[in-house]
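Colleague: Here it is, the structure in full.
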Amino acid sequence: MKRVDDFRLRFGKQELVPIVIGGMGVDISTTELALEVARLGGIGHISDALVQAVSDHRYHTKFVSQKLKQYKANVASSDKSGVHFNLGVLEEATRNHVGKTMEAKQGSGMIFVNCMEKLTMNSPRETLRVRLSAALDAGVDGITLSAGLHLGSFALIEDHPRFRDAKLGIIVSSARALALFLRKNARLNRLPDFVVVEGPLAGGHLGFGMDWAQYDLATIMAEVLEFIRTEHLEIPVIAAGGIFTGSDAVGFLEQGAAAVQVATRFTVTRECGLPDKVKQEYFKASENDIEVNTISPTGYPMRMLKGSPGIGDGIRPNCEAYGYLLDAKGNCAYIDAYNREVALHPDVKKLSVRDKTCLCTHMRNFDIWTCGQTTNRLKDTTRKLPDGSYQILSAEQVFTDYQFSTDQKIALPD
Ligand SMILES: Cc1cc2nc3c(=O)[nH]c(=O)nc-3n(C[C@H](O)[C@H](O)[C@H](O)COP(=O)(O)O)c2cc1C
């Protein structure tokens, strides 16, 4: 009976345990989690979502309050087109977060940064160029492009000295999206080093519509592997979304995946950035507590626990401090939804906005509890303590369980 440890992910001469922990923004996949995974020989991710806030929290910078101060006069205005990121500050924050993580890295694994295209930051191209280049400058091993088709992202860094040596990959949810990416980037003569195929059971934003339940990862994997074969390409394909046990992972590795990307099982580890109280909510969740909804202003469906405090909350848009979802014209779907409710209920002090959420604020405060479809099984991965709470796991324990388990077994903590 095979185990994940019988397989290896190969990048040139480098061999890794074929387990990737997916990026979980805003600092849910922390530096500590990524470092632990690298130490164990796999690939860990940090995320650059709300990187200025993350830098403040970790490295005591004051980027958020400085930005808010600069744009304070605009707070009551619904026109956010003048609220911009200072590119120098963005670069510094990215270098802080990525650089300090890389300095601490030990072991034979790698650390990548997850970079979401949908963080359009009121100036999509310029801010994305800075985020990508600063991460490369800071020595990141690789970048995973996510939440968007990223058709122009490689070109933004084609002149960077590390463009051909860092590991660059993309997350897709169909062979069609991969084909489009490759076609648009053909002139650069640089294939992605890996492709993550994310199916409909993943956490975070989904690359599917609300008909997500009609798709399944194994079928999409087969289509992508077939496409890669017929095009005579050699790109490692990584399967993601709903892979809960080592045996699930072996199934994909035997199908031809080069590795698996997992996340949900790590949300209840000590190294994960969610507050301990929220980790207990993940443990407690039943299938009925999980939903895919359309409240993210990005336009992508997102999976989360129904009890997330950010659902229905009507906070004033916080773009002067954050503003990561403002499009090139300074619009965000939450601002429209909020303004509509203000106009409908001019006398109400505490508004409720049900159709969209202020995602920056609520992700920053861990009030949108995004999760994978398998979250209801987390309680089976640990022990219940005498006080009724669940025992938090270590990242090492979950990682080695994926690596060595067989027969769909999950080893409980000591
Ligand atoms: C809490 C949470 C947050 C996530 N945030 C992101 C993110 O910021 N960017 C991204 O590309 N994927 C995100 N994901 C998706 C994961 O990186 C990963 O591909 C997926 O969840 C794997 O499936 P699994 O959770 O069933 O193991 C997130 C997943 C979870 C559970």
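Coordinate-derived values only; no laboratory data. Since this is a predicted model, take the numbers as computed values, not measurements. So basically every Cβ, Gly included, is an ideal-geometry build from the backbone, and we count neighbours across all protein chains shown.
Colleague: Answer yes if at least one residue in the stretch 269-277 is within 24 Å of residue 14 (Cα to Cα) and within 21 Å of the chain's Cα centre (by Cα), and no otherwise. Quick ask: steps written out before the conclusion?
Modeller: Let us first name the residues in the stretch 269-277 that are within 24 Å of residue 14 (Cα to Cα), namely none.
No, there is no match, as no residue in the stretch 269-277 is within 24 Å of residue 14 (Cα to Cα) and within 21 Å of the chain's Cα centre (by Cα).
Colleague: In the stretch 35-51, is there at least one residue being more than 21 Å from residue 326 (Cβ to Cβ), touching a residue at least 12 places away in the same chain (Cβ under 8 Å) and of a type in the set (Ser, Thr, Tyr)?
Modeller: no
Colleague: Let me ask something additional. Taking residue 196 as the residue in question, decide whether it is under 25 Å from residue 398 (Cβ atoms), touching a residue at least 40 places away in the same chain (Cβ under 8 Å) and within 15 Å of the ligand (Cβ to nearest atom).
Modeller: Numbers: under 25 Å from residue 398 (Cβ atoms): yes; touching a residue at least 40 places away in the same chain (Cβ under 8 Å): yes; within 15 Å of the ligand (Cβ to nearest atom): yes.
Spelling it out, residue 196 is indeed under 25 Å from residue 398 (Cβ atoms), touching a residue at least 40 places away in the same chain (Cβ under 8 Å) and within 15 Å of the ligand (Cβ to nearest atom).
Colleague: Out of the strands (runs of 3 or more DSSP E) lying entirely within the stretch 1-45, which hold 2 or more residues that are within 14 Å of the ligand (Cβ to nearest atom) and crowded, with 23+ Cβ neighbours inside 10 Å? Spell out how you get there, then give the answer.
Modeller: Numbers: elements: 9-11, 14-16, 19-21.
Fully inside the stretch 1-45 and qualifying: 19-21.
Colleague: Among 98, 89, 113, which is β-branched (Val, Ile, Thr) and in contact with a Phe, Trp or Tyr (Cβ under 8 Å, 6 or more places away or on another chain)?
Modeller: Being β-branched (Val, Ile, Thr) and in contact with a Phe, Trp or Tyr (Cβ under 8 Å, 6 or more places away or on another chain) holds for just one of 98, 89, 113, which is 89.
Colleague: Out of curiosity, is residue 150 of a type outside the set (S, T, N, Q) and either away from the ligand (no atom under 16 Å from the Cβ) or in contact (Cβ under 8 Å) with a residue 60 or more places away in the chain (or both)?
Modeller: No, not satisfied.
Colleague: A follow-up question, please. Kindly indicate the residue of the stretch 46-57 that is touching a strand residue (DSSP E or B) at 6+ places or on another chain (Cβ under 7 Å) and in a loop (DSSP other than H, G, I, E, B) and also nearest to the ligand (Cβ to nearest atom) among those meeting that condition.
Modeller: Only one residue fits best here, namely 49.
Each row is one residue, and each column tells you yes or no for (1) within 16 Å of the ligand (Cβ to nearest atom); (2) part of a loop (DSSP other than H, G, I, E, B); (3) in contact with a Pro (Cβ under 6 Å, 6 or more places away or on another chain).
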| position | (1), (2), (3) |
| --- | --- |
| 107 | no, yes, no |
| 114 | yes, no, no |
| 118 | yes, yes, no |
| 128 | yes, no, no |
| 132 | yes, no, no |
| 136 | no, no, no |
